[in-house]
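Heads up: the structure comes next, in structure tokens.
The values are calculated or read from the model by the stated rules, or taken from the named source; none is laboratory data. Keep in mind that what you see is a predicted model, and the values were worked out from it rather than measured. Note: ideal-geometry Cβ built from the backbone for every residue, glycine included; neighbour counts use all protein chains shown. All accessible areas refer to the heavy atoms of the entire protein, side chains included, with ligands and DNA or RNA removed. Shrake-Rupley method; radii C 1.70, N 1.55, O 1.52, S 1.80 Å.
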Amino acid sequence: MTSKASAAATETPILLVPYMWIGDFVRCHSVVRLLKARFPQRPVDVLTTTLCAPLLDYMPGVRKGVVWDLPRKRLAIPEHKALARRLALEGYGSALVMPRTWKSALAPFLAGIPERTGFAGEVRFGLLNDVRFGEKKLPRMIDRCGALALPKGAPIPVEWPKPDLRVPPSEAAEWRTRRGLTNDGRPAVAFAPGAVGPSKRWPVSYFAELAKTLVAEGFSIWVLGSPAETPLAKEIVEAAGPHARDLTSTDLRNAILAMKVADACVSNDSGLVHVAAAIGTPTVGIFGPTSPWHWAPLNPLAAIIETKTEVDCRPCHKPTCRMEHHRCMRDIPSTQVLAAVHRALGRLPVPA
């Protein structure tokens, strides 16, 4: 923390302003853990959207979430002023602003939080008073977020604290009963077939083929995601039969609890792959246009699946396939993912 706000570094609360995408929000638990290690006496609160808020209930070290849904595509000055009035009531001594946008730093400034840390981003001098530089030299999102929780100029550590979502088994068991998912002895594999951008989605027909095979082998399939993934879930469930369930929902807590109960998870590079890995569920992550080194969870995955064929254009990190062949995903057969699920659950030996 800066000398300007040394008075804040006592027992005043810290506000964390994270990215509001699910995967990046999970990554921010690493930042919470860093802050609690540096300032064990200071409460840490997290600004959150309604969508991401359920995650905070399972993040040790977070005192509470400040739930506020700001518009994404407009400045909305009145809403930012209202948020600032809400933040001012908490007496925050410091705010860490992770997004690089100008508007993400506005409410902490208007709230009069003494120390406001963030990268220069969209020329935010004045809005921030602990301005950091060198963001573009940090290759990964976790490096950029984590650096803000370190003293200015501190070296980036070789390893960051890993996110650690702790879901009470009793809550997960109660959820299972409430949803009518009786424990019939069939291991459950959760599928997360959605992703932001179609290029990151393994074809739904491949998910359906995998689901059909797993059900025939004695597994149950639970398809997770938002209502945007409901059409995908319908196709998978129709292919796999009565032992497959559509569990898509508007409530992220539904997916969190499902992943706690599930024996394994198969997910695209999406927010839910981070949730599953942080819970500790054996997770198979499928990566096509994105680089696992840059974007995979910090928590270990049971398997990272990439195409074994040569696809010169990957990783492109683009939301849609510019080449229009989508080979980075279409060249991954369901048998490759099936073998990874078997290994994750100890069904087959790891091949030499």
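Checked against (1) more than 18 Å from the chain's Cα centre (by Cα); (2) at pLDDT 95 or above, residue 252 meets all criteria but (1). Here 255, 216, 233 are screened, and the one residue that is aliphatic (A, V, I, L, M) and surrounded by fewer than 22 Cβ atoms within 10 Å (Cβ to Cβ) is 216.
Of the residues 314, 322, which single one is of a type in the set (Lys, Arg) and either surrounded by 18 or more Cβ atoms within 10 Å (Cβ to Cβ) or outside any loop (DSSP other than H, G, I, E, B) (or both)?
Details: 322 fails: either surrounded by 18 or more Cβ atoms within 10 Å (Cβ to Cβ) or outside any loop (DSSP other than H, G, I, E, B) (or both).
So the residue among 314, 322 that is of a type in the set (Lys, Arg) and either surrounded by 18 or more Cβ atoms within 10 Å (Cβ to Cβ) or outside any loop (DSSP other than H, G, I, E, B) (or both) is 314.
Condition first: over 20 Å from residue 261 (Cβ atoms) and either touching a strand residue (DSSP E or B) at 6+ places or on another chain (Cβ under 9 Å) or in a helix (DSSP H, G or I) (or both). Now tell me which residues in the range 176-206 satisfy that. Residues satisfying the conditions are 195, 198, 199, 200, 201, 202, 204, 205, 206. For the condition assigned to a helix (DSSP H, G or I), in contact (Cβ under 8 Å) with a residue 40 or more places away in the chain and among the β-branched types (Val, Ile, Thr), residue 284 does not qualify. Does residue 123 qualify as being over 20 Å from residue 299 (Cβ atoms), of a type in the set (Val, Ile, Thr) and open to solvent by less than 40 Å² (accessible area, probe 1.4 Å)? No.
Evaluated against (1) open to solvent by less than 50 Å² (accessible area, probe 1.4 Å); (2) of a type outside the set (A, V, I, L, M, F, W, C); (3) under 19 Å from the mean Cα position of the chain (by Cα), residue 144 falls short on exactly one condition, (1). In the set 112, 93, 121, only one residue is touching a residue at least 12 places away in the same chain (Cβ under 8 Å), within 18 Å of residue 35 (Cα to Cα) and not hydrophobic (A, V, I, L, M, F, W, C); that residue is 93. In the list 42, 27, 33, which residue meets the criterion of being touching a residue at least 24 places away in the same chain (Cβ under 8 Å) and more than 19 Å from the chain's Cα centre (by Cα)? Going through 42, 27, 33 in turn, just one is touching a residue at least 24 places away in the same chain (Cβ under 8 Å) and more than 19 Å from the chain's Cα centre (by Cα): 42. There is no residue in the range 180-200 that is open to solvent by 40 Å² or more (accessible area, probe 1.4 Å), modelled with pLDDT of 95 or more and more than 22 Å from residue 252 (Cα to Cα).
Here's the yes/no breakdown for (1) closer than 11 Å to residue 17 by Cα; (2) touching a Leu at 6+ places or on another chain (Cβ under 6 Å):
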{"site": "75", "(1), (2)": "no, no"}
{"site": "83", "(1), (2)": "no, no"}
{"site": "92", "(1), (2)": "no, yes"}
{"site": "96", "(1), (2)": "yes, yes"}
{"site": "113", "(1), (2)": "no, no"}
{"site": "116", "(1), (2)": "yes, yes"}
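Yes/no per residue for (1) without any contact (Cβ under 8 Å) to a residue 24 or more places away in the chain; (2) in a loop (DSSP other than H, G, I, E, B); (3) among the acidic types (Asp, Glu):
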{"position": "152", "(1), (2), (3)": "no, yes, no"}
{"position": "156", "(1), (2), (3)": "yes, yes, no"}
{"position": "159", "(1), (2), (3)": "yes, yes, yes"}
{"position": "170", "(1), (2), (3)": "yes, no, no"}
{"position": "174", "(1), (2), (3)": "yes, no, yes"}
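Is it the case, given these coordinates, that residue 56 is hydrophobic (A, V, I, L, M, F, W, C), buried (at least 17 other Cβ atoms within 10 Å of the Cβ) and in contact with a helix residue (DSSP H, G or I) (Cβ under 6 Å, 6 or more places away or on another chain)? First the steps, then the outcome.
Details: hydrophobic (A, V, I, L, M, F, W, C): yes; buried (at least 17 other Cβ atoms within 10 Å of the Cβ): yes; in contact with a helix residue (DSSP H, G or I) (Cβ under 6 Å, 6 or more places away or on another chain): no.
No.
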